[in-house]
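Okay, structure first, notes after.
The values are calculated or read from the model by the stated rules, or taken from the named source; none is laboratory data. All values derive from a computational prediction rather than experimental measurement. Using ideal geometry, Cβ is built from the backbone for each residue, glycine included, and neighbour counts are taken over all protein chains shown. Heads up: the accessible areas ignore ligands, DNA and RNA and are worked out on the full protein's heavy atoms, side chains in. Shrake-Rupley method; radii C 1.70, N 1.55, O 1.52, S 1.80 Å.
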Amino acid sequence: MAKVETVELARISVRGVVQGVGFRPFVFQLATKYNLKGWVCNTSEDVKIEVQGDSRDLEHFVSELQYNAPPLAHIENVSVTRHPPADYTKFEIRHSVAEEGKYQLVSPDIATCQACLKEIFSSQDRRYHYPFTNCTNCGPRFTIIEDIPYDRPKTTMRPFIMCPDCQAEYDNPLDRRFHAQPNACPKCGPRLELLDAKGVHIETPDVIATASQLLKEGKIMAIKGLGGFLLACDATSEKAVQLLRRRKRRPFKPLAIMVADIDEAKKYCQVSETEEKLLTSPQSPIVLMPWKSESKVCQAVAPNLKYLGVMLPYTPLHHLLLKESGLPLVMTSGNISEEPICKDNDEAVRRLSEITDYFLVHNRHIYSRYDDSVTIVERGDVQLTRRARGYAPFPVHITFNAKQVLGCGAEEKNTFCLTKDNYAFVSQHIGDMENLETMEHFENTLALYKKLFRIEPEIIAYDLHPEYLSTKYALELCSQSSHLKLVPVQHHHAHIVSCMADNRIESPVIGVALDGTGYGSDGHIWGGEFLVADYKGFKRLGHLEYLPLPGGAAAIKRPYRTAVGYLLKLLGEEIVFNNLACHSEGALRPCHSERSEESHRAQGKLREESGDPSLSLRVTNKKMAEDSLSPKLAFLKQVDAVEIELIKRQLQTGLNSPLNSSMGRLFDAVSALIGVRGEIDYEGQAAVELEMAAYDSIDKVGDKDYPYSIIESDGVNVIQLKELFTAIVGDLYKGVSKPTLSARFHNTVARMIFDMCRLIARNTGIDQVALSGGVFQNRLLLRKILPLLEAVGFCVLTHKQVPCNDGGISLGQAIIANFTDTQALTT
């Protein structure tokens, strides 16, 4: 019996990242496969398809459309309506249609695909050694887009007129370069140029070969990439790396390296299966991995660290340089200090001429600055510590239909966030808001996001800190427009909600927000916070005790000041001024695993009488302690006596000595106290090096920790630190090693978190814990606390799509503002 055809017409709308990823040629080929007629086109909102044919073929077409889409496509929604057939005789790809007020998702820049890589290393290919080779499966996207729909006239490729060969590829629906907007070749596309340090052109027959030779000679080179300039040098040369550090004024902050392929990465680092997949993914981020001791990459690349940041080449230019030079190359942001990364040739020559020896530039304009993303892998999960290339501007999906809100972010590691529909568009890393250049980068990038995603914020969320540039920007913005609503958001509430939104959780959580500095709703500096929080508000149920920060910002730069201040406040002046005389009662150390209610009230006598051996007190022999006394704590040898006296007076008067409950500052104080790091070159250095020290002793120490007490005051549990510092000083007198001291301290912080979460859970019944704040970039701490909490039934949330540091703050701000449109703030 003959087959009976039922001809139908389907109108289809496909939303998501479906432009610039080869989606229309995929649709064309799929329609051809099933003998369907009609058309497909890009619009400002979606990809629209009108297709007709046999109803069963249409079913197959729609199914494959969703499940066999190109690898870089991210389909979010497919809507299909059925209609009477029209008079179509073929299937065609129509020109894009701009629609007022409509928007679509935009693809991040994508690392070079294998097909393009094969071409640039094939001597018979017309793109042999061409450093701007790309197709619909790879290459620049976000950094060249000026507006949507994504067509060449709306990109920075507009000035480059395609040659006949490239145009033929671009027009052929069966070619992988069909409507690849950056499509080009050596005849018609962007070109490289080598400049000296003053920006003068250097004539050379082979720019890549000459640049590679200069790198092998130890020269420093500024290389224009996808989103800006990177500073490069030979990563195996101590001399070259130290020269780069001196010129960039970056003595210790770790540098990332780029290596030719995954096999080379494995020569320098221990690479897990997940890390290998991440390194070779289309995102191609920097991955922080354990550094092999036998690595030929010099220690000056990441001094005092056990992790090395590694990435693979993600553009043809990088592949060619790595292949030609045969070196692992340092690749660090092309800037000075915390200024934005340079993106334009003239700007780079102006700002980087005193750092670099040469410039490797090209004439394709970068529309938006774009740093490299930085990631870690813990327990098989990928976590971002800097979100930029390969990830932004792809949105975080949220669980509600959002208002149009702008979250202005924090001061350090700034990002902003715009919400609309079910999306939260978190920007790429902007940087530290410490100068006008970064503020300009913030404003320009915000303007681009607003234009691309058709967002006009009606609510502006900002941090409580009055001196943040992002806060001042929010207030100034609202002063210029009476219809905008302001929502101040407490820093640590934003941290926790950011983690919740990252995990698509709305129900209340126990929020553990640990970082360096956040403006508290009581006017003090917070940073060791235990909250019960949801999107609507929070209640502070615990924190580290308030201690003075002598000198304020000076103490952050010089952690020894924090250590001296904490010693003076907790243990008294005699510890610092009288050769650390021992208490006549001896040093008391409560040994504990699970504390009783008495221990939470810091009642040592009750603990002793409880009969629980794990809560007993051990008295250190006074004579032994006195015999092993050092004449002075070692770290104090580096501190001028006049400065110690000044710190003492600041504590007495309270002048420029704000109170803080910061866990980040506690890490700083302990790092300085035990002699790991007393002054810092980059944010978090003292804590990072304290973590590194612990790895040398953590297995030997086991679960041994230090004492501390928890007291309750007006319904808030406060962690008291006197016992902790007494015990650490006692261990210093005994000559205990830095690794052992650090390992025991890390155990102690994990136990603090555990005890506080158990207390809060007991009183609230909440069994979800969200961990956020820069302290949780500490991988050792994560490895300690996660098993402890999970073993007693907690569901623990950590960050995945946005950083746990201040790079995630803007997401939390924007979410909270969606649920609060007044200036009221929960305390």
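Working only within the stretch 147-158, note down all residues that are open to solvent by 20 Å² or more (accessible area, probe 1.4 Å) and touching a residue at least 40 places away in the same chain (Cβ under 8 Å).
Selection gives ASP147, ASP151.
Tell me yes or no: at least one residue of the stretch 487-506 is over 20 Å from TYR535 (Cβ atoms) and not β-branched (Val, Ile, Thr).
Going through the stretch 487-506, the residues over 20 Å from TYR535 (Cβ atoms) turn out to be none.
The answer is no; no qualifying residue exists.
Tell me, please, whether a residue that is outside any loop (DSSP other than H, G, I, E, B) and touching a helix residue (DSSP H, G or I) at 6+ places or on another chain (Cβ under 8 Å) can be found in the stretch 332-355. Write out each step before concluding.
From the stretch 332-355, those outside any loop (DSSP other than H, G, I, E, B) are 332-333, 345-352; that's our starting set.
Pick out the ones that are also touching a helix residue (DSSP H, G or I) at 6+ places or on another chain (Cβ under 8 Å) and you get 332.
Looking for residues that are outside any loop (DSSP other than H, G, I, E, B) and touching a helix residue (DSSP H, G or I) at 6+ places or on another chain (Cβ under 8 Å), one finds at least one in the stretch 332-355, hence yes.
Would you mention how many residues in the stretch 1-14 are surrounded by fewer than 18 Cβ atoms within 10 Å (Cβ to Cβ) and at pLDDT 90 or above?
Here is the first cut: in the stretch 1-14, the residues surrounded by fewer than 18 Cβ atoms within 10 Å (Cβ to Cβ) are 1-7, 11, 13.
Checking the rest, the ones that are also at pLDDT 90 or above come to 11, 13.
Of the residues in the stretch 1-14, 2 are surrounded by fewer than 18 Cβ atoms within 10 Å (Cβ to Cβ) and at pLDDT 90 or above.
Six or more apart or on different chains, Cβ under 6 Å: which pairs go from a residue in the stretch 103-124 that's on the phi < 0 side of the Ramachandran plot to one that's surrounded by fewer than 22 Cβ atoms within 10 Å (Cβ to Cβ) and acidic (Asp, Glu)? Could you list them?
GLN104/GLU45; GLU119/ASP125
Name every residue in the stretch 658-673 that is open to solvent by less than 10 Å² (accessible area, probe 1.4 Å) and outside any helix (DSSP H, G or I), in order of residue number.
The answer is ASN660, SER661, SER662.
Out of GLU294, GLU324, which single residue is among the acidic types (Asp, Glu), assigned to a loop (DSSP other than H, G, I, E, B) and open to solvent by 50 Å² or more (accessible area, probe 1.4 Å)?
Details: GLU324 fails: assigned to a loop (DSSP other than H, G, I, E, B).
Checking each option against the conditions leaves just GLU294.
Of everything in the stretch 149-178 that's hydrophobic (A, V, I, L, M, F, W, C) and touching an Asp or Glu at 6+ places or on another chain (Cβ under 9 Å), which residue is nearest to GLU100 (Cα to Cα)?
We begin by selecting, within the stretch 149-178, every residue hydrophobic (A, V, I, L, M, F, W, C); these are 157, 160-163, 166, 168, 174, 178.
Of the ones still in play, those that are also touching an Asp or Glu at 6+ places or on another chain (Cβ under 9 Å) are 162, 168, 178.
Numbers: MET162: 29, ALA168: 31, PHE178: 26 Å.
Checking each candidate, the answer is PHE178.
List the residue pairs whose Cβ atoms are under 9 Å apart, where the first residue sits in the stretch 637-659 and is under 12 Å from PRO548 (Cβ atoms), the second is part of a helix (DSSP H, G or I) and open to solvent by 90 Å² or more (accessible area, probe 1.4 Å), and the two are 6 or more positions apart or on different chains.
LEU651/LYS569; LEU655/ARG649
Kindly provide the set of residues from the stretch 722-778 that are without any contact (Cβ under 8 Å) to a residue 24 or more places away in the chain and part of a loop (DSSP other than H, G, I, E, B), ordered by number. Outline the logic, then answer.
Within the stretch 722-778, the first condition is being without any contact (Cβ under 8 Å) to a residue 24 or more places away in the chain, and the residues that meet it are 731, 736, 762, 765.
Those that are without any contact (Cβ under 8 Å) to a residue 24 or more places away in the chain and part of a loop (DSSP other than H, G, I, E, B): VAL736, GLY765.
Residue pairs, Cβ under 6 Å, 6 or more apart or interchain, first in the stretch 162-175 and at pLDDT below 95, second open to solvent by less than 60 Å² (accessible area, probe 1.4 Å) and acidic (Asp, Glu). List them.
These pairs meet every condition: ASP175/GLU169.
Could you check the stretch 297-309 and list, in sequence order, the residues that are in a strand (DSSP E or B) and open to solvent by less than 10 Å² (accessible area, probe 1.4 Å)?
To start, the set of residues in the stretch 297-309 that are in a strand (DSSP E or B) comprises 307-309.
Answer for the stretch 297-309, where residues must be in a strand (DSSP E or B) and open to solvent by less than 10 Å² (accessible area, probe 1.4 Å): LEU308, GLY309.
Looking at the stretch 406-423 only, could you name the residues that are outside any strand (DSSP E or B) and open to solvent by less than 10 Å² (accessible area, probe 1.4 Å)? Walk me through how you get there before you give the answer.
Start the filter on the stretch 406-423 by keeping residues that are outside any strand (DSSP E or B), which leaves 408-413, 415-416.
CYS408, GLY409, ALA410, THR415, PHE416 - these are the residues of the stretch 406-423 that are outside any strand (DSSP E or B) and open to solvent by less than 10 Å² (accessible area, probe 1.4 Å).
What are the pairs, 6+ residues apart or on separate chains, where a residue within the stretch 564-576 that is in contact (Cβ under 8 Å) with a residue 60 or more places away in the chain and under 19 Å from LEU659 (Cβ atoms) has its Cβ under 6 Å from a residue that is crowded, with 21+ Cβ neighbours inside 10 Å and small (Gly, Ala, Ser)?
Matching pairs, first to second residue: TYR566/ALA669.
May I ask you to verify whether LYS277 is of a type in the set (Lys, Arg), within 15 Å of THR375 (Cα to Cα) and either open to solvent by 50 Å² or more (accessible area, probe 1.4 Å) or touching a residue at least 40 places away in the same chain (Cβ under 8 Å) (or both)? Give the derivation first.
Numbers: of a type in the set (Lys, Arg): yes; within 15 Å of THR375 (Cα to Cα): yes; either open to solvent by 50 Å² or more (accessible area, probe 1.4 Å) or touching a residue at least 40 places away in the same chain (Cβ under 8 Å) (or both): yes.
The answer is yes for LYS277.
Output the number of the condition that ARG245 fails; it satisfies all remaining conditions of (1) surrounded by fewer than 19 Cβ atoms within 10 Å (Cβ to Cβ); (2) among the basic types (Lys, Arg); (3) in contact (Cβ under 8 Å) with a residue 24 or more places away in the chain.
Of (1) surrounded by fewer than 19 Cβ atoms within 10 Å (Cβ to Cβ); (2) among the basic types (Lys, Arg); (3) in contact (Cβ under 8 Å) with a residue 24 or more places away in the chain, only one is false for ARG245: (1).
Just to verify a result, which residue in the stretch 694-738, among those that are touching a Ser or Thr at 6+ places or on another chain (Cβ under 9 Å) and among the polar types (S, T, N, Q), is surrounded by the most Cβ atoms within 10 Å (Cβ to Cβ)?
Here the answer is SER709.
Just one of GLY199, GLY227, GLY218 is among the small types (Gly, Ala, Ser) and surrounded by 20 or more Cβ atoms within 10 Å (Cβ to Cβ); which is it?
On the way: GLY199 fails: surrounded by 20 or more Cβ atoms within 10 Å (Cβ to Cβ); GLY218 fails: surrounded by 20 or more Cβ atoms within 10 Å (Cβ to Cβ).
Answer to the check: GLY227.
Search the stretch 202-220 for residues that are within 23 Å of GLU238 (Cα to Cα) and pair each with any residue that is aromatic (Phe, Trp, Tyr) when their beta-carbon atoms are under 8 Å apart and the residues are at least 6 apart or on different chains.
That search, which allows pairs on different chains as well, returns ALA211/TYR358; LEU214/TYR358; LYS219/TYR358; ILE220/TYR358.
Kindly indicate the residue of the stretch 125-146 that is touching a residue at least 60 places away in the same chain (Cβ under 8 Å), in contact with a Ser or Thr (Cβ under 6 Å, 6 or more places away or on another chain) and of a type outside the set (Val, Ile, Thr) and also surrounded by the most Cβ atoms within 10 Å (Cβ to Cβ) among those meeting that condition.
Out of the qualifying residues, it is CYS138.
Surrounded by fewer than 22 Cβ atoms within 10 Å (Cβ to Cβ), at pLDDT 90 or above and closer than 30 Å to THR399 by Cα, is that true of GLU64? Step through it out loud before you land on a result.
Values: surrounded by fewer than 22 Cβ atoms within 10 Å (Cβ to Cβ): yes; at pLDDT 90 or above: yes; closer than 30 Å to THR399 by Cα: yes.
Taking the combined requirement at face value, the residue satisfies it.
Does GLY808 count as in a helix (DSSP H, G or I), open to solvent by less than 10 Å² (accessible area, probe 1.4 Å) and not hydrophobic (A, V, I, L, M, F, W, C)? Explain how you work it out, then say what you get.
On the way: in a helix (DSSP H, G or I): yes; open to solvent by less than 10 Å² (accessible area, probe 1.4 Å): yes; not hydrophobic (A, V, I, L, M, F, W, C): yes.
So GLY808 passes the test.
Among what's in the stretch 355-405 and is touching a Lys or Arg at 6+ places or on another chain (Cβ under 7 Å), under 27 Å from LEU278 (Cβ atoms) and of a type in the set (D, E, K, R), pick the residue that is surrounded by the most Cβ atoms within 10 Å (Cβ to Cβ).
Among residues in the stretch 355-405 that are touching a Lys or Arg at 6+ places or on another chain (Cβ under 7 Å), under 27 Å from LEU278 (Cβ atoms) and of a type in the set (D, E, K, R), the one surrounded by the most Cβ atoms within 10 Å (Cβ to Cβ) is ASP372.
Can you run down the residue pairs with Cβ atoms below 7 Å, 6 or more apart or on separate chains, where the first is in the stretch 486-506 and without any contact (Cβ under 8 Å) to a residue 60 or more places away in the chain and open to solvent by 10 Å² or more (accessible area, probe 1.4 Å) and the partner is assigned to a loop (DSSP other than H, G, I, E, B) and aliphatic (A, V, I, L, M)?
Qualifying pairs under 7 Å: none.
If ALA168 satisfies all but one of (1) within 25 Å of ASN363 (Cβ to Cβ); (2) part of a loop (DSSP other than H, G, I, E, B), what's the number of the condition it fails?
For ALA168, the failing item is (2).
Go through the stretch 518-556 and give me each residue that's farther than 24 Å from GLY678 by Cα, open to solvent by 10 Å² or more (accessible area, probe 1.4 Å) and among the aliphatic types (A, V, I, L, M).
VAL532, LEU541
Does any residue of the stretch 424-446 turn out to be open to solvent by 20 Å² or more (accessible area, probe 1.4 Å), in a loop (DSSP other than H, G, I, E, B) and of a type in the set (A, V, I, L, M, F, W, C)?
no
When both residues are 6+ apart or on different chains and their Cβ atoms are under 7 Å apart, which pairs have a first residue that lies in the stretch 335-346 and is touching a residue at least 60 places away in the same chain (Cβ under 8 Å) and open to solvent by 30 Å² or more (accessible area, probe 1.4 Å), and a second that is in a loop (DSSP other than H, G, I, E, B) and of a type in the set (S, T, N, Q)?
Listed by first residue and then by second, the contacts come to GLU339/ASN435.
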